[in-house]
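Notes follow the structure.
The numbers here are math on the coordinates, done by the rules we state, and not lab data. Just so we're clear, the structure is a prediction, and the values are computed from it rather than from any experiment. Positions of Cβ are generated from backbone atoms using ideal geometry, with glycine treated the same way; all protein chains shown enter the neighbour counts.
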Amino acid sequence: MNPYNILNQTELQCVSDGMTRPLLENCETASHILILVWPQLGDFDSLEYAWWLQRKAKKLTPEKLTIRAVGIGSRTSGTRFCQYTGFSPENLFVEPNAELHHQLKLYSGLNLTLPGLSVSHQAWLNLMLMCAGFGSPGTLREVFRGYRGDRQAPQLIEDDEIIQDTPLPAFKGSFFRLAGGNGFQRPFELATLRLRNMVEVLSNWHTYVPNSAYLTQRGGTFLFDSKGQLLYSHRDPGILGFAANMSQPLSFLSFLEANSFTMGDA
């Protein structure tokens, strides 16, 4: 089944006004529709995906692309998420229990059970195992890429940007030039952004994650044309696997600039 049929029938709470609305409301005239089904709003993947979208925001105009995102959490979670990431609350919807994820058959994550553990504790155990690479292919490789750098990825932090809100003293982005230069993702650059995200979430844990039962749930990306035909999809295989090309997570949207499109892993 084309996931568009499921999404077109989905109604969820919109973060902007708290009203339950059709997910695809006001998408009728869009030339392309990008639907992002994220894990918990406090998940590494959700925060990092939103960061990449904000980085490309000026090129991803509504005339070219209409974006809707769904994250696991509450309206309070969504409000905090938008304040931190800059993602538009009008385009963010929330659900409390990953029902849409299940309908789309997205990966629910490692699901080991141990007698005597609560649902929450089971989820934490499975999350820790996934962070170590169990039931989460590519996670450790992606973690290491954040530390060692990546010459196939763009520079992430400008020289004059002030890095703060981490356990480290505030410092300027020019510091990363010492690790190798400019014009590509330098060693520790991505790891620093992830550390900042981690500090944000842990400092506001119950806001971002009102129900820890869904900590392991993964997300997916779906791109449609104006007729609802699926052009591209990506189903996250594990933690830090929200894109087929993590060096350039939004490369599947290059057709917006080049007026051409190469099919992804649809």
**Fill in**
One checks the Cα atoms of the stretch 141-266 and finds Rg and Dmax, in Å, of 17.3, 51
**Prompt:** In µm²/s, what is D for the chain at 4 °C and 1.567 mPa s, where D = kT/(6 pi eta Rh) by Stokes-Einstein and Rh is the Kirkwood radius from Cα pairs?
**Reply:** 68
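What is the gain in length, in nm to one decimal, between Lys59 and Ser251 on full extension, counting 0.36 nm per residue of separation less the C-alpha to C-alpha distance?
Working: separation 192, 0.36 × 192 = 69.12 nm, distance 1.26 nm.
Residue separation times 0.36 nm, minus the Cα-Cα distance, leaves 67.9 nm.
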**Message:** Suppose each label sits 7 Å from its Cα in the direction of the beta carbon; what would the Arg148-Gln83 distance come out to in nanometres?
**Reply:** 3.9
**Fill in**
Residue-ordered couplings for the stretch 2-10, obtained by feeding phi - 60° into the Karplus form 6.51 cos²θ - 1.76 cosθ + 1.60 and rounding to whole Hz (Gly and Pro as x), are 5, x, 4, 4, 5, 5, 5, 9, 8
**Message:** With every atom except the alpha carbons ignored, what do you get for Rg and Dmax of the stretch 15-120, in angstroms?
**Reply:** 15.2, 53
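For Asn26 and Ser108, what is the calculated FRET efficiency with R₀ set at 25 Å and r taken between the beta-carbons, to the nearest 0.05?
0.25
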**Request:** Take every Cα pair under 8 Å in the chain that's 6+ residues apart, average their separations, divide by the length, and report that relative contact order as a whole percent.
**Result:** 24
**Message:** Quick check: from the Cα gyration tensor, does the stretch 1-45 come out rounded (a/c under 1.5), prolate or oblate?
**Reply:** oblate
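Full-extension gain between Asp159 and Trp205, please, as 0.36 nm times their residue separation minus the C-alpha to C-alpha distance. Don't skip to the end; give the middle numbers.
On the way: separation 46, 0.36 × 46 = 16.56 nm, distance 3.08 nm.
Contour length minus Cα-Cα distance gives 13.5 nm.
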**Request:** Counting only C-alpha contacts under 8 Å and six or more residues apart, can you give the relative contact order of the stretch 133-177 as a whole percent?
**Result:** 25
**Prompt:** Counting only residues 5 or more places away or on other chains, whose amide H sits under 5 Å from the amide H of Val70 once H atoms are built in the peptide plane?
**Reply:** Leu36, Val37, Trp38, Phe93
**Request:** Starting at the first residue of the stretch 189-206, write each ³J(HN,Hα) from the Karplus equation 6.51 cos²θ - 1.76 cosθ + 1.60 with θ = phi - 60°, in whole Hz, x for Gly and Pro.
**Result:** 5, 5, 4, 5, 5, 5, 5, 4, 5, 5, 4, 4, 5, 5, 6, 9, 4, 5
**Prompt:** Can you list residues whose amide H is under 5 Å from Gln185's amide H, if they're 5+ apart or on another chain and H is modeled 1.01 Å from N?
**Reply:** Asp150, Ala153, Gln155
**Item:** Extension gain from Phe184 to Phe171, taking 0.36 nm per residue of separation minus the Cα-Cα distance
**Value:** 2.8 nm
**Fill in**
With only helices counted (DSSP H, runs n ≥ 4, each -39500 (n - 2.57)), the per-residue ellipticity at 222 nm for the chain, to the nearest 500, works out to -8500 deg cm²/dmol
**Asked** Taking Cα pairs under 8 Å and at least six residues apart, what relative contact order does the stretch 1-82 come out at, in percent?
**Response** 34
**Asked** What residues have an amide H closer than 5 Å to that of His32, excluding those fewer than 5 places away on the same chain, when H is modeled at 1.01 Å from N in the peptide plane?
**Response** Thr66
**Request:** Count the lysine pairs in the chain whose Cα atoms lie under 27 Å apart, taking only pairs 8 or more positions apart in sequence or on different chains.
**Result:** 9
**Asked** Which whole-percent values make up P(r) of the stretch 100-205 when all C-alpha to C-alpha distances are grouped in 10 Å steps starting at zero?
**Response** 13, 31, 30, 19, 7, 0
**Prompt:** For the stretch 67-119, what mean projected area does the convex hull of the alpha carbons give, in nm²?
**Reply:** 5.1
